[in-house]
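A.B. asks: First the structure, which I've put down as structure tokens, then a few questions once you've had a look.
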Amino acid sequence: MKLLLLIASVLLAACATPIEQQAPQSISSAVEVKDTAFDKDITYTGPVIYTSSGDNDLQYLLRAWKNKKTDNTGYQLYIDVSYADADWRSYDSASFTSGSTVNAATIDNDVYCGAYGCTYYETLGIPVTAAFLNRKSVTGFNVRLNSHSGQETFVKVSPNYIQGFMLAVGTV
């Protein structure tokens, strides 16, 4: 009986810890790997992180595509932003604390309007490199999403999350 209680408490503690704060090995085991004979790339999709920033709800994850023939790998920070507003923010770039700015790829957008106003959904892809992720695997990184409307949204990616993701991709 005591063993059962111990196991239950360990499992509950693991569930209570946000994924980005879990050990890299735990995050690595949660990375989805898609490798089929029909695709030229192996696709890696990290676990989703749910958070909020100001009046935004955010979901983000890391993704990677490794070419089966060349072993070249591309990386992306994939972000879903939802917000209640009067119009689209139209996020178009991302800035890092180093001062560098990259273009954001618009992957999808949607709007839902009801009795209490509209909620907008924007899905973005921010390109990152293996070298950048390896450098930031000790400290993590912050990114600011920039929009045409002037709104800014901030995302923090933890070092544990980066380490776990890179472990799954096999580049650590």
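Throughout, read-outs are computed from the coordinates displayed, never taken from laboratory work. Predicted, not measured: the structure shown is a model, and the values here were computed from it. Cβ placement follows ideal geometry from the backbone for every residue including glycine, while neighbour counts extend to all protein chains displayed.
A.B. asks: Using amide H atoms built in the peptide plane, which far-off residues or other-chain residues are under 5 Å from Ser93 H to H?
C.D. replies: Residues meeting the criterion, in which the H sits 1.01 Å from N, are Ala104, Asn146.
A.B. asks: So what is log10(I(q)/I(0)) for the chain at q = 0.10, 0.17 1/Å, when the Debye sum runs over its Cα atoms only?
C.D. replies: Log10 I(q)/I(0), no solvent term: -0.45, -1.07.
A.B. asks: Compute the signed sum of charges (Lys and Arg +1, Asp and Glu -1) over the other residues within less than 10 Å, Cβ to Cβ, of Ala104.
C.D. replies: Local charge sum for Ala104: -2.
A.B. asks: Using modelled amide H (1.01 Å from N, peptide plane; none on Pro or chain starts), what sits under 5 Å from the amide H of Ser53, excluding residues fewer than 5 places away?
C.D. replies: Amide H neighbours of Ser53: Leu58.
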